[in-house]
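Rule-based calculations on the coordinates, nothing more; no lab input. None of these values were measured; they are calculated from a predicted model. Backbone-built Cβ (ideal geometry, glycine too); neighbour counts: all protein chains shown.
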Amino acid sequence: MFQGERCGIGQCPSRAGIERGSFTVELVILTPVITLFMLVTLAFGRYALVREQVVSGARAAVDAVAVVASEAESQPEAVAAAMQVLESTHSCSNPIVRVSSQSFMPGAVVRVSVSCQVELSDLLPGLPGSVTVQTVGSAAIDPYRAVLG
């Protein structure tokens, strides 16, 4: 029979011999692709989780600083508030919390910067070692709070 010619019943060769082993080839090709996709998805998920934690930590820290009585108490309070949020999971490493304010008076704006590193190198050898996530939260110091110099 020539290619493209129609076969009668029982005249065409079986396709089972031609397709033998095709599933194995597909499996060998697709397994690394699917594994890579899952690892990249896991890396993005880890980054999103840490980003959410850093934003929540900055929000908690700036809320704590907005009600403290003195500038000297602001840094320890900010660190304590942010660390409660950041330590809820172990994805955030090397957290840094910084408080900055032009003047520490009622109604003045205080800013808290929170940053930490997301470790990615343990997921896939080709990914960067770590990525730094940083966010800044700001709030007005409580105008009805007595502020000590």
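Find how much the distance from Ser70 to Ile29 grows on full extension, using 0.36 nm per residue of separation minus their present alpha carbon separation; answer in nm with one decimal.
Difference between extended and current length: 8.5 nm.
Would you mind computing, in nm to one decimal, how far apart the modelled labels at Phe44 and Ser22 are, each placed 7 Å from Cα along Cα→Cβ?
Using points 7 Å along Cα→Cβ, the separation is 3.1 nm.
Could you list the GluC sites (Glu not before Pro) in the range 40-136 that lie in coil according to DSSP, counting only those with at most 13 other Cβ atoms within 10 Å of their Cβ?
Of the GluC sites (Glu not before Pro), the ones in loops of the range 40-136 whose Cβ has at most 13 other Cβ atoms within 10 Å are Glu87.
By the gyration tensor of its Cα atoms, with a ≥ b ≥ c the square roots of the eigenvalues, what is the shape of the range 22-140: rounded for a/c under 1.5, prolate for a/b over b/c, or oblate?
prolate
Could you list which residues have their amide H under 5 Å from that of Cys92, counting only those 5 or more apart in sequence or on another chain, with H placed in the peptide plane?
Result for Cys92 returns nothing.
With a cut-off of at most 10 other beta carbons within 10 Å, and DSSP calling the residue loop, which chymotrypsin sites (Phe, Trp or Tyr not before Pro) in the range 46-149 qualify? Please list them.
For chymotrypsin sites (Phe, Trp or Tyr not before Pro) across the range 46-149 that sit outside H, G, I, E and B with at most 10 neighbouring Cβ atoms in 10 Å, the list reads Tyr144.
Amide H neighbours of Ala139 under 5 Å, at least 5 residues apart or on other chains, H built in the peptide plane: list them.
Amide H neighbours of Ala139, under 5 Å, 5+ apart: Val110.
What is the range 22-140's relative contact order, in percent, from Cα pairs under 8 angstrom and six or more apart in sequence?
26 percent
In whole Hz and in residue order, list the ³J(HN,Hα) couplings for the range 27-44 that follow from phi through the Karplus curve 6.51 cos²θ - 1.76 cosθ + 1.60, θ = phi - 60°; x for Gly and Pro.
5, 5, 7, 7, 4, x, 5, 5, 4, 4, 4, 5, 5, 5, 4, 5, 5, 5
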